[in-house]
1. Just need the relative contact order of segment 2-57 here, percent rounded to a whole number, with Cα pairs under 8 Å and 6+ apart.
2. Please give every one of the aspartates and glutamates within straight-line cross-link reach of Lys77, meaning a C-alpha to C-alpha distance under 12 Å, and leave out same-chain neighbours fewer than 8 residues apart.
3. Near the amide H of Leu12, under 5 Å away, which other amide H atoms are found, from residues 5 or more places off or on another chain, if H is placed in the peptide plane?
4. Short version: ³J(HN,Hα) in whole Hz for each residue of segment 19-28, in order, from phi by Karplus 6.51 cos²θ - 1.76 cosθ + 1.60 (θ = phi - 60°), x for Gly and Pro, what are they?
5. Figure the gain on full extension for Gln102 and Val35 (residue separation times 0.36 nm, minus the Cα-Cα span) and round it to one decimal in nm.
6. Taking θ = phi - 60°, what integer Hz values does the Karplus form 6.51 cos²θ - 1.76 cosθ + 1.60 yield along segment 77-83, in sequence order, with x for Gly and Pro?
7. Once phi is turned into θ = phi - 60°, what whole-Hz ³J(HN,Hα) does the Karplus curve with 6.51, -1.76 and 1.60 give for every residue of segment 3-17, x standing for Gly and Pro?
8. Under the rule of at least 5 residues apart or a separate chain, name every residue whose amide H is placed under 5 Å from the amide H of Leu65.
Amino acid sequence: MQAEVSVPAMDLADIKGTIDYIYPELDPVTRSLRVRIILNNPDIELRPKTLAKISLFGGAKRGALVIPQEALIQTGKANRVIVKLDDKTFTARNVTVGMFSQDKAEITSGLAEGDKVVTSGQFLLDSEASLKGSLMRLSSGHQH
């Protein structure tokens, strides 16, 4: 990924660089990651510990299947969404989630383009489906 470095205090701007490494430790306070950027510094103008402004350039993933983040029902065990079927009934569907960005969730499996995902009231539908499933198990005489 490309980066652009500027050091306003030294009147340096638009130095092109490339991200070489993303450190795996997330700072729990600032919720930030450190990166190492390779820069051309032939005149040794840039020094260690210099405060710089960094701009990162990356594009959005093309062709990703995304849903509004509020449509996602996240539990400790699984992620699911409520899908409206053609016969106007609803079903819960387990999904695999990729990245989150700008209140959208990338879905990597479990949904297809064109599926109608419930974005409001999905918790009520999910609770009702769970309750009906529990009642059906009780009425069929299964003991746990």
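No value in this document is a laboratory result; all are computed from the given coordinates. Being a predicted model, the structure only gives us computed values, none of them experimental. Glycine gets a Cβ as well: all are built from the backbone with ideal geometry, and neighbour counts include every protein chain shown.
1. With pairs under 8 Å counted, the relative contact order is 42 percent.
2. none
3. Hits under the 5 Å cutoff: Val7.
4. 5, 9, 7, 10, 5, x, 8, 8, 6, x
5. Details: separation 67, 0.36 × 67 = 24.12 nm, distance 2.22 nm.
Working it through step by step, the gained length comes to 21.9 nm.
6. 9, 7, 10, 8, 10, 9, 10
7. Taking θ as phi minus 60°, the curve returns 9, 10, 10, 10, 10, x, 5, 9, 6, 10, 9, 6, 7, 7, x Hz for segment 3-17.
8. Amide H to amide H, under 5 Å and 5 or more residues apart or across chains, Leu65 pairs with Ile107.
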